[in-house]
Amino acid sequence: MTPTEKANNLVEDFGLYTNSGLPDDDYSEQEKTEMYFAKQAAMLCVDEIIKANPVEAIKEPYPFPLRGFKVVYQPSEEYWQQVKQEIEKI
């Protein structure tokens with residue numbers, strides 16, 4: 001999943017749980033407020049993921065003459081930083 005897709009997913013998911021408390025007759029203001037809360041929640045989520053120091057598994061082939069793959073773990077903070085940038089753009 002690309003950082004843009006992940007950012008949109010997170011904001012959309014958190015949007016399901018936001019409620020501005022504004023009356024329904026002020027829909028545009030309510031929508032803006034709920035989007036703000038959804039983005040803030042998504043940003044907090046990504047910050048916590050970054051603090052947890054996540055890693056991603058990458059398959060790399062063994063050097064010749066060996067066959068098969070080995071799994072290498074590398075930090076994925078760069079991906080989550082990109083997700084944060086995409087959330088800010090929404």
Check region 20-32 and report whether any residue there is of a type in the set (A, V, I, L, M, F, W, C) and either free of Cβ contacts under 8 Å to residues at least 12 places away in the same chain or touching a Ser or Thr at 6+ places or on another chain (Cβ under 8 Å) (or both).
yes
Could you run through region 48-59 and say how many residues are outside any helix (DSSP H, G or I) and among the β-branched types (Val, Ile, Thr)?
2
Within region 60-78, identify whether any single residue is part of a helix (DSSP H, G or I), in contact (Cβ under 8 Å) with a residue 24 or more places away in the chain and within 19 Å of Asn8 (Cβ to Cβ), and answer yes or no.
no
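Every number here is computed from the coordinates shown, using simple stated rules; none is lab data. Given the structure is predicted, the values throughout are model-derived calculations rather than measurements. Heads up, the Cβs are rebuilt from the backbone with ideal geometry, glycines too, and the neighbour counts pull from every protein chain shown.
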